[in-house]
Amino acid sequence: MMIEKMMDSDWKDVARIYTQAIDHGGASVLLECPEFSSWSAKQHPDLRFVMRDEDEIVGWCTLSPFSDRYAYRGVAEVSIYVDSNHQGKGIGKALLSYAIEAGEKAGFWTLYSKTFASNLASIKLQEACGFRLVGIHEKLGHDRFGVFQDIAILERRSHALFY
């Protein structure tokens, strides 16, 4: 398996994995996968990665800018999704570790995520990669089934830039 920069032509597989998570209901507040153009416009163009197992994309991770304000130029939101048939194999940890390193090289000093508090596997993954829980937004949004979810906010400060 190898991690590569996501190409626009990878969208079909990225969307397939994203749709799995949306349909499951435990990882996204979206009702359906967005169109590529709207999704892509929100991502940092050089910080979109896929994990390939031969010709199959089995996971993806992106960093998207937190804000367009100058003071927050080094803060990015992490999104990470792994194909349901490949979860539990270390793909998520490899992708997140890769994104952390790439983010630091690009000058990002803080990475954060908004994760359903009930998504313990994702929270444990992030904590294993140096993220810490900074708070819970109670019933901030609802999943595709209309159930309001608590949203865990996790963040990771750059060790390379601060320590």
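Any residue that is without any contact (Cβ under 8 Å) to a residue 24 or more places away in the chain and part of a loop (DSSP other than H, G, I, E, B) - is there at least one of those in segment 124-140? No: segment 124-140 contains no residue that is without any contact (Cβ under 8 Å) to a residue 24 or more places away in the chain and part of a loop (DSSP other than H, G, I, E, B).
Within segment 61-107, how many residues are polar (S, T, N, Q) and over 24 Å from C33 (Cβ atoms)?
Looking only at segment 61-107, we keep the residues that are polar (S, T, N, Q), and these are 62, 64, 67, 79, 84-85, 87, 97.
Within this subset, residues satisfying the condition of being over 24 Å from C33 (Cβ atoms) are 67, 97.
Qualifying residue count for the region: 2.
Output yes when any residue across segment 64-72 is among the aliphatic types (A, V, I, L, M) and either surrounded by fewer than 20 Cβ atoms within 10 Å (Cβ to Cβ) or in a loop (DSSP other than H, G, I, E, B) (or both), and no when none is. Checked segment 64-72: at least one residue is among the aliphatic types (A, V, I, L, M) and either surrounded by fewer than 20 Cβ atoms within 10 Å (Cβ to Cβ) or in a loop (DSSP other than H, G, I, E, B) (or both).
Do you know which residues across segment 18-43 are touching a Ser or Thr at 6+ places or on another chain (Cβ under 6 Å) and surrounded by 14 or more Cβ atoms within 10 Å (Cβ to Cβ)? Steps first, answer last, please.
Here is the first cut: in segment 18-43, the ones touching a Ser or Thr at 6+ places or on another chain (Cβ under 6 Å) are 20-22, 33, 42-43.
Across segment 18-43, the qualifying residues are Q20, A21, I22, C33, Q43.
Could you say whether any residue in segment 50-57 is surrounded by fewer than 17 Cβ atoms within 10 Å (Cβ to Cβ), modelled with pLDDT of 90 or more and touching a strand residue (DSSP E or B) at 6+ places or on another chain (Cβ under 9 Å)? Yes: segment 50-57 contains one or more residues that are surrounded by fewer than 17 Cβ atoms within 10 Å (Cβ to Cβ), modelled with pLDDT of 90 or more and touching a strand residue (DSSP E or B) at 6+ places or on another chain (Cβ under 9 Å). Checking each residue in segment 62-85 for being over 13 Å from I100 (Cα atoms) and touching a residue at least 40 places away in the same chain (Cβ under 8 Å) picks out F66, Y81, V82, D83, S84. Counting only residues that are buried (at least 18 other Cβ atoms within 10 Å of the Cβ) and touching a Phe, Trp or Tyr at 6+ places or on another chain (Cβ under 9 Å), segment 84-99 holds 4 of them.
When you scan segment 68-82, do you find a residue that is closer than 21 Å to A21 by Cα, more than 12 Å from the chain's Cα centre (by Cα) and modelled with pLDDT under 95, even just one? No, segment 68-82 has no match at all.
From the list G103, G146, G59, pick out the single residue that is outside any strand (DSSP E or B) and in contact (Cβ under 8 Å) with a residue 12 or more places away in the chain. Step through it out loud before you land on a result.
On the way: G146 fails: in contact (Cβ under 8 Å) with a residue 12 or more places away in the chain; G59 fails: outside any strand (DSSP E or B).
Selected residue: G103, the only one of G103, G146, G59 that is outside any strand (DSSP E or B) and in contact (Cβ under 8 Å) with a residue 12 or more places away in the chain.
Only residues that are surrounded by 12 or more Cβ atoms within 10 Å (Cβ to Cβ), farther than 27 Å from K89 by Cα and small (G, A, S) were counted in segment 108-159, giving 1.
The values are calculated or read from the model by the stated rules, or taken from the named source; none is laboratory data. No experiment lies behind these values; they were computed from the predicted model shown. For neighbour counting, all protein chains shown are included, and Cβ atoms are generated from backbone atoms with ideal geometry for every residue, glycine included.
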